[in-house]
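J.: Before I ask anything, here is the structure I am working with.
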Amino acid sequence: MLGLSTTALGDEPLERWLEEVSSSGFKFVEWISEWPRYMDAGSARALAEKIRSFGLDLSIHAPFSDLNIGSFNERIRRASMRLLRETLEIAADIDAVAVTVHPGHCSPLSRKYRERYVEIHRSSLHTLDEWREEFGVKLGVENMPSFPILDAQTPERLSELLEGTGLGVTFDVGHLNTSTGEFKRFLELLGDRVVHLHLHDNHGVNDEHLALGEGTVPWDEVLPRLPNVPATLEVGGIREGKKSLYFLKKVHRWTF
């Protein structure tokens, strides 16, 4: 099942965009709950009904800007966790396909007190795991792109953080292309945890979110290895979404 992220929405009216997404052959929308389109308990049901009125299902990317589940500041960590719990409650209420969350990220304190940072981070992840079971939601922790403060950039690090939990993984192919590029290794370590895929392209340095085939991701190598789980195209516009859809169907004959 292939979906399109609201990274491709831009300033287009939502109804017009949904019509084009549906008519293009996508099966669901991944709603990124970020400014200016936060999904909250008061708006979620109406939004889900609107999306489904176009024959589309719905997954949710939880808020991530200004949040940090690995924060040493307990008030910030708790506020971050409250927002994520609200997202899981919403996902359960509207029967979302899956929820993607970001791991915590680093700060000057976490770089100095690494062991304590890992303890705080893992505690938050274990709580998310408990909430995942409570709400019966598919929850994927996403691998991060190459950027100084971001954690979980390598499969080894993400595996270390998730150890002892039943949490799933959202495997972001584009992100891994900016960090290690070790696609086979990622799936060897974490393939059994993958519940969702993010597909986009780049040139191996920055997180560009290009249409598939416009960067250096070795799709010939990657696509045959990917597990059969819902996949979201995280690209910059509907045109890039259609181009990527063509790339998958016609160029690589990838079935989803």
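The values are calculated or read from the model by the stated rules, or taken from the named source; none is laboratory data. Keep in mind that this is a model prediction, so the values were computed, not measured. All Cβ positions, even for glycine, are placed from backbone atoms using ideal geometry, and neighbour counts span all protein chains on display. With ligands, DNA and RNA removed, areas are computed over all heavy atoms of the protein, side chains included. Shrake-Rupley method; radii C 1.70, N 1.55, O 1.52, S 1.80 Å.
J.: Heads up, I need the accessible area for MET1: 1.4 angstrom probe, whole protein in place, Å², nearest 10.
T.: 70
J.: For the chain, compute Rh as the Kirkwood radius over C-alpha pairs and then the Stokes-Einstein diffusion coefficient at 25 °C and 0.890 mPa s; write the answer in µm²/s, rounded to an integer.
T.: Details: Rh = 18.4 Å.
It diffuses with D of about 133 µm²/s by this estimate.
J.: Which percent, to the nearest 5, of DSSP beta bridges fully inside the chain are antiparallel? Numbers along the way, then the final one.
T.: On the way: 2 of 28 bridges.
The answer is about 5 percent antiparallel.
J.: With every protein chain left in place, what is the accessible area of GLU86 in Å² (1.4 Å probe, nearest 10)?
T.: Counting only protein heavy atoms, GLU86 exposes about 70 Å² to solvent.
J.: Which entries in LYS50/LYS242; LYS50/LYS243; LYS50/LYS138; LYS138/LYS250; LYS184/LYS249; LYS112/LYS138 show an alpha-carbon gap greater than 27 Å? Kindly include the intermediate steps, with their values, before the conclusion.
T.: Working: LYS50/LYS242 22 Å; LYS50/LYS243 25 Å; LYS50/LYS138 22 Å; LYS138/LYS250 30 Å; LYS184/LYS249 22 Å; LYS112/LYS138 34 Å.
Result: LYS138/LYS250; LYS112/LYS138 exceed 27 Å.
J.: Kirkwood-based Rg over Rh for the stretch 104-256 (C-alpha set), two decimals?
T.: Details: Rg = 16.1 Å, Rh = 16.3 Å.
Rg/Rh: 0.99.
J.: What is the gain in length, in nm to one decimal, between ASP11 and ALA46 on full extension, counting 0.36 nm per residue of separation less the C-alpha to C-alpha distance?
T.: Working: separation 35, 0.36 × 35 = 12.60 nm, distance 2.01 nm.
Additional length available on full extension: 10.6 nm.
J.: Tell me the per residue accessible area of the stretch 94-226 using a 1.4 Å probe; a whole number in Å² is fine. Present the calculation step by step, with values, prior to reporting the outcome.
T.: Working: 5660 Å² over 133 residues.
Ligands and nucleic acids excluded, the result is 43 Å² per residue.
J.: Suppose every Lys and Arg Cβ carries +1 and every Asp and Glu Cβ carries -1, with no other charges. What dipole size does the chain come out with about its Cα centre, to the nearest 20 debye? Before the final figure, lay out the partial values.
T.: Details: 29 positive and 39 negative charges, 28 e Å.
So the dipole magnitude of the chain works out to roughly 140 debye.
J.: Mind checking which of ALA98, LEU199, PRO36 is farthest towards the positive end of the chain's charge dipole, using Cβ charges of +1 (Lys, Arg) and -1 (Asp, Glu) about the Cα centre?
T.: Projecting each Cα onto the dipole axis, the largest value belongs to LEU199.
J.: Which three semi-axes in whole Å describe the equivalent ellipsoid of the stretch 71-133, each the square root of 5 times a Cα gyration tensor eigenvalue, listed largest first? Intermediate values should be presented prior to the final figure.
T.: Working: eigenvalues 130, 23, 18 Å².
Largest first, the stretch 71-133 gives 26, 11, 9 Å.
J.: Say a paramagnetic label sat at a point 7 Å from the Cα of ARG85, along Cα to Cβ; which residues of the stretch 108-131 have their backbone N under 14 Å from it?
T.: 124-131
J.: Next question, about the same structure. Near the amide H of GLY140, under 5 Å away, which other amide H atoms are found, from residues 5 or more places off or on another chain, if H is placed in the peptide plane?
T.: VAL99, THR100, VAL101
J.: Give, as a single signed number, the net charge of other residues whose beta carbon lies under 11 Å from the beta carbon of ASP93, with Lys and Arg counted +1 and Asp and Glu -1. It would help to have the intermediate numbers written out before the result.
T.: On the way: positive: ARG45; negative: GLU86, GLU89, ASP95.
Neighbourhood net charge equals -2.
J.: Shifting gears a bit: Using Cα centres only, tell me the gap between the stretch 198-238 and the stretch 54-74 in whole Å.
T.: The stretch 198-238 and the stretch 54-74 have Cα centres spaced 21 Å from each other.
J.: Taking only DSSP H segments of four or more residues, each worth -39500 (n - 2.57), what value at 222 nm results for the chain once the sum is divided by all its residues, to the nearest 500 deg cm²/dmol? Could you put the intermediate results ahead of the total?
T.: Values: 10 runs with 103 residues, N = 256.
Calculated at 222 nm, the ellipticity per residue is -12000 deg cm²/dmol.
J.: Further question on the same structure: Sum up the charges of everything whose Cβ sits under 14 Å from the Cβ of LEU125, counting Lys and Arg as +1 and Asp and Glu as -1, but leave LEU125 out. Could the numbers behind the result be given before it?
T.: Numbers: positive: ARG77, ARG85, ARG122, ARG132, ARG157, ARG193; negative: GLU119, ASP129, GLU130, GLU133, GLU142, ASP151, GLU160, GLU163.
Charge balance in the 14 Å sphere: -2.
J.: Next up: Can you work out the FRET efficiency for the pair GLU163 and ALA92, with r the C-beta to C-beta distance and R0 = 25 Å, to the nearest 0.05?
T.: On the way: r = 26 Å, r/R0 = 1.03.
It comes to 0.45.
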